[in-house]
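> Below you'll find the structure I mean.
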Amino acid sequence: MCMHGAEDIKHLLFTCDRARDVWQALGVRERVQNYLDVDRSGSVVIDEIIRREKMINELDVGLAELVLTAGWYLWWEGRQIVHEETVQTPARTAMSIAALTKNYQIATKKSLKLRQGWKKPSEGRVMVNVDAAFDEDGGRGSVGSIIRDSNGSFIAAAHSYVPHLIDAPMAEAYALKEG
């Protein structure tokens, strides 16, 4: 990503300028640096982080989970650069990593009660399910809907782009209207 240094695990995840900027934006650069103070390979650093399993109170996630998620994300962004695609700023990358890590933590909690799935409507009725997406930076979004019968069989579906939205509740309201 930075075109400097050996392209190994340690460089990609910890010593590359971009990686350092991401760790700084996540607020854990000093913690990560503590693992790098001893001359180790990148895989040994990852092993030490996993083994010690410290929580990051500010983010309410484990450092191991954060580092592993960041490792994948930084690798993925490197692939984007190879394919001449744009990547996010380090601050946006850090937000994405934190969100993915937090979502992983929530999804793997044992106390989490999973929804039992889609419930069929009564015999002779149909059900319309809708959802919306909202892009806060662009003030736009999209909505989608699907209609299924009492057997769960597909009847119809639709989606549309909404160029002007104020917030996520407005996107959800638009999805209900379109449904």
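> Pull up all non-local amide H partners of residue 140: gap of 5 or more, or a different chain, and H-to-H distance under 5 Å with H placed in the peptide plane.
Placed amide hydrogens put 135, 165 under 5 Å from residue 140.
> Hey, another quick one. Give the lysines reachable from residue 109 as a straight Cα distance under 20 Å; neighbours fewer than 8 places away on the same chain don't count.
Filter leaves 54.
> Whole Å is fine, so just give me how far the alpha carbon centre of the range 125-179 lies from that of the range 60-120.
One Cα centre to the other: 25 Å.
> Another question, if that's okay. Excluding same-chain residues fewer than 8 positions from residue 119, which lysines have a Cα within less than 23 Å of its Cα?
Once the sequence-local lysines are set aside, what remains near residue 119 is 177.
> A further question on this structure: What ³J(HN,Hα) values, in whole Hz, does the Karplus curve 6.51 cos²θ - 1.76 cosθ + 1.60 give for the range 66-74 when θ = phi - 60°, with x put for Gly and Pro?
5, 5, 5, 5, 5, x, 5, 5, 5
> Connecting C-alpha atoms closer than 10 Å in a GNM of the chain, tell me which of 30, 123, 58 has the biggest fluctuation.
Comparing 30, 123, 58 in a Gaussian network model of the chain, the most mobile one is 123.
> Right, another one. Quick check on the range 42-141: take the gyration tensor over C-alpha atoms, sort the square-rooted eigenvalues as a ≥ b ≥ c, and tell me if it's rounded (a/c under 1.5), prolate or oblate.
Oblate, because a/c is 1.5 or more while a/b does not exceed b/c.
> Further question: Can you compute 3J(HN,Hα) from phi for each residue in the range 143-152, using the Karplus curve 6.51 cos²θ - 1.76 cosθ + 1.60 with θ = phi - 60°, rounded to whole Hz and x for Gly and Pro?
Once θ is set to phi - 60°, the couplings for the range 143-152 become 9, x, 8, 9, 10, 10, 8, 5, 8, x Hz.
> Another question, then. Hey, of [x] 41, 21, 15; [y] 25, 17, 17; [z] 23, 19, 15, which did the structure itself give for semi-axes √(5λ) of the Cα gyration tensor in Å when calculated?
Checking each listed value against the structure points to [x].
> Give the residue from 95, 154, 121 lying farthest towards the positive end of the charge dipole for the chain; charges sit on Cβ (+1 for Lys and Arg, -1 for Asp and Glu) and the dipole is referred to the Cα centre.
121
> As a footprinting exposure proxy, order 108, 93 by other Cβ within 10 Å, with the fewest listed first.
108, 93
> Further question: Which residues' amide hydrogens lie under 5 Å from the amide hydrogen of residue 56, considering only partners 5 or more residues apart or on another chain, with H built in the peptide plane?
61, 62, 63
> Next question, about the same structure. What list of ³J(HN,Hα) couplings, whole Hz, do you get for the range 132-139 from phi and the Karplus terms 6.51, -1.76, 1.60, once you set θ to phi - 60° and write x for glycine and proline?
9, 10, 10, 9, 4, 5, x, x
Read-outs throughout are calculated quantities, based only on the coordinates presented, and are distinct from any laboratory measurement. Remember, predicted model here, so these are calculated numbers, not experimental data. Glycine also receives a Cβ, built like all others from the backbone with ideal geometry; neighbour counts cover every protein chain displayed.
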